[in-house]
Every structure is written in structure tokens, then in C-alpha cells.
Amino acid sequence: MTLEEVAKYLKLKPQTIYTWAQDGKIPAAKLGKEWRFRKSVIDKWFNTHMDDKFSSFLEP
């Protein structure tokens, strides 16, 4: 996925995704001048962050 596709998918601004990618906060690969993302990895990353944030609501 492109940076713009990930931003649309996560309903965030492209600049946010760009900053996160540069800071290593979201899993991404830079190919030349372009950032690329694998949807399956983004889904796993998102679920991990959701699980961490809402772990108190999940059953043990």
C-alpha cells in the first residue's frame, strides 16, 4: 500500500503516516523515495495497539 492508501485506510492525514513511518512508529519500508506498507502488517500493528490500549477490557 502507498502512504496515501494507508492514510485513507486508517482515516488519518498522510502527513501523520509519513511522520510515523520516518520515526519508526508504524511498520513501513522505504523504496527509493516512496514509503510502502503491507496491509497484513498494518492490520497486525493496529490490532496490537488496540489490544495494548484496551487490554483492561479484554477477558484474560
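The values are calculated or read from the model by the stated rules, or taken from the named source; none is laboratory data. Note that this is a predicted model, so its numbers are computed, not measured. Cβ atoms come from the backbone with ideal geometry, glycine included; neighbour counts cover every protein chain shown.
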Filter segment 20-32 down to the residues that are under 11 Å from the mean Cα position of the chain (by Cα) and not basic (K, R), then identify the one that is nearest to H49 (Cα to Cα).
I26
Starting from segment 1-28, keep only residues that are more than 12 Å from F46 (Cβ to Cβ), then list their pairs with residues that are basic (K, R) and assigned to a helix (DSSP H, G or I) whose Cβ atoms are within a distance under 6 Å, requiring at least 6 positions of separation or different chains.
M1/K39
For segment 39-54 the number of residues that are surrounded by 13 or more Cβ atoms within 10 Å (Cβ to Cβ), within 15 Å of L3 (Cβ to Cβ) and either polar (S, T, N, Q) or in contact (Cβ under 8 Å) with a residue 24 or more places away in the chain (or both) is 1
Is there a residue being under 9 Å from the mean Cα position of the chain (by Cα) and at pLDDT below 95 anywhere in segment 46-54?
yes
